[in-house]
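The values are calculated or read from the model by the stated rules, or taken from the named source; none is laboratory data. Source: prediction; values computed, not measured. Here the Cβ is made from the backbone with ideal geometry for all residues, glycine too, and neighbour counts use every protein chain on show. Just the protein is used for accessible areas: all its heavy atoms, side chains included, with ligands, DNA and RNA removed. Shrake-Rupley method; radii C 1.70, N 1.55, O 1.52, S 1.80 Å.
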Amino acid sequence: MSDAKFISIEGITRRFKAPDGSLTTVFRDVWFSIPRGEFVCMIGHSGCGKTTVLNILSGLDLPDEGVAIVDGKAIEGPSLDRAVIFQSHALLPWRSVLGNVTYAVTSRWPKWARAQVEEHARRFIEKVGLKGAEAKKPAQLSGGMKQRVGIARALSIEPKILLMDEPFSALDALTRGTLQDEVRRICLETGQTVFMITHDVDEAIYLADKIILMTNGPEALVAEIVENPLPKDRDRNQIHKHPAFYAIRNHLIDFLVTRSRTFKDEMPANYDRRHPPVVRPSGAPQPLPPSEPGQTAAA
Amino acid sequence: MSSPGLRSATLSIVIFLLFTLAWHVAVSGGASGGPAMDPEYAKLMGIKVEGGKSAMPGPLDIGAKLVEHLRKPFYDNGPNDKGLGLQLLFSLGRVALGYGLAILVAIPLGFVIGMFPVIYRALDPFIQVMKPVSPLAWMPLALYTIKDSSLSAIFVIFICSLWPMLINTAFGVAGVRKEWLNVARTLEVSSWRQAITVILPAAAPTIVTGMRISIGIAWLVIVAAEMLVGGTGIGYFVWNEWNNLSIANVIVAILMIGLVGMALDLALARFQRRITFPE
């Protein structure tokens, strides 16, 4: 198992039955891989199957064709190695903050004593800044605090991979910013491998090392993989001053506005599903050259 | 100004006093000058009485009767003369048995029905047909097959408590949010632990609503069932006192049936509040 292909999506296809009985192919023959320790975002319009890709990675859904491989093993079902942060936080409302986190911890380490479980859970609650709110029920928390609990729950099982499905989309801008900062800090500290779905271009630029662009569904495919040209130690308040910031931002927005729709009709001649083109938007205003398969376009 | 709670309580007391007064005036009728004999009884004996006291007891008679019963609730002077408390205990015992059995059947079965839509659809026609049947319609069948009147009453309680709990459990279990189950699945929680740690607490408020409906129906039905099977219980007591033409005892029994029913419902309501979670 190589670290460069820690997560490897190999030719997955997913079809759903429409109400009239016909089959709709959401996406077909999708290939991409994620190296260990990388933060990868997936961007695309609703209906392109982003959430389905994440569900396949979490093991909650299975592809009709192809495999998803993590750490050298094909995914056959949910696993404690891959933690999910749900869009709707999905806390158990009858349990307290501490209870929600200990539920995950006892599932991960069933043999641990109660005191050890609680101590471990408290450490993660503190890490997401919720110290003092352990006894509260989810209904007593604000949206941002609920999602913090969701993050603490996911991190507390010390997963190999963190999967996030638009985790901040239901939050107000200010809360979203602070939570992004915290998630980024925690993930950098621990070298966490992350796969995250988002609609938010700025969120992707701030958080991701790589951004996977999905074309519109049905029959969606990976159009290209964008490498983030910004330095790893980026600062939320400074990134817009970086020369490459608007290059990548415009590139992503241009994709979402037009190319996600037209990509399939004007596919580059050398497009290879197994090796979607890797693009690195740079500061220089230049038309994007068609990239070599599997290679990084010149910066 | 007084609080709304105090005002409504005052109003309740006023309504009660007015009702009692009207009742008292209505039954006391003219001054009793005739023989000290119940006019109904007199009519039965072929004696014509005029201006006698009504057979309908007044609130004072009821109060006196109530005090009498409360002083000696558990005496037992043979089959036709038992204390009101004792009779209520007999009824409560039957309800507890039939209702308990119904819980043991309805909640596990409801779980299965709720978890498997195929079984839900397969059993639905039977449930829909059985649900509206008056539990007393089962009585002859129960008497014929069980051949024991006391057990038959318990069976009738069982059958009438079953449906609301079964339907509510299935409904609650089927309605557990997918995301909560997904949380458990991603944590590799076993099916058994999922049932106990996710489905049960999530469905509990709905299940207890079913239990509340059931205990209400069971308490309604036990009175009628005991009138039919006889022997012991508050329903038998009411029928027996009717045969004795002791309307005062009947009214006291009605009052007690109402109070016990209210207590049962309050107990379950309190339980329901404890397990209900805000979202």
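Descriptive notes on the structure:
- Pick from the stretch B:172-203, criterion in contact with a Phe, Trp or Tyr (Cβ under 9 Å, 6 or more places away or on another chain) and not in a helix (DSSP H, G or I), ranking: farthest from the other protein chains (Cβ to nearest Cβ): B:VAL189
- One residue from A:VAL30, A:VAL53 being surrounded by 16 or more Cβ atoms within 10 Å (Cβ to Cβ), touching a residue at least 40 places away in the same chain (Cβ under 8 Å) and part of a strand (DSSP E or B): A:VAL30
- Of all the residues in the stretch B:165-183, those that are within 22 Å of A:GLY150 (Cβ to Cβ) and surrounded by 23 or more Cβ atoms within 10 Å (Cβ to Cβ) number 1.
- When A:SER46, A:SER88 are checked against the criterion of being under 16 Å from A:MET145 (Cβ atoms) and open to solvent by 30 Å² or more (accessible area, probe 1.4 Å), a single residue qualifies: A:SER88.
- Criterion (closer than 18 Å to B:GLY93 by Cβ and out of contact with any helix residue (DSSP H, G or I) (no Cβ under 6 Å at 6 or more places or on another chain)) met by exactly one of B:ALA195, B:ALA267, B:ALA225, B:ALA218: B:ALA267
- Verdict on A:PHE255 being closer than 30 Å to A:ALA18 by Cα and outside any helix (DSSP H, G or I): no
- When A:ASP81 is tested against the conditions (1) more than 23 Å from A:ARG176 (Cα to Cα); (2) more than 14 Å from every other protein chain (Cβ to nearest Cβ); (3) surrounded by fewer than 22 Cβ atoms within 10 Å (Cβ to Cβ), the lone failure is (2).
- Selection of the stretch B:235-277 for residues being open to solvent by less than 80 Å² (accessible area, probe 1.4 Å) and without any contact (Cβ under 8 Å) to a residue 12 or more places away in the chain yields B:SER246, B:GLY258, B:ALA263, B:ALA267.
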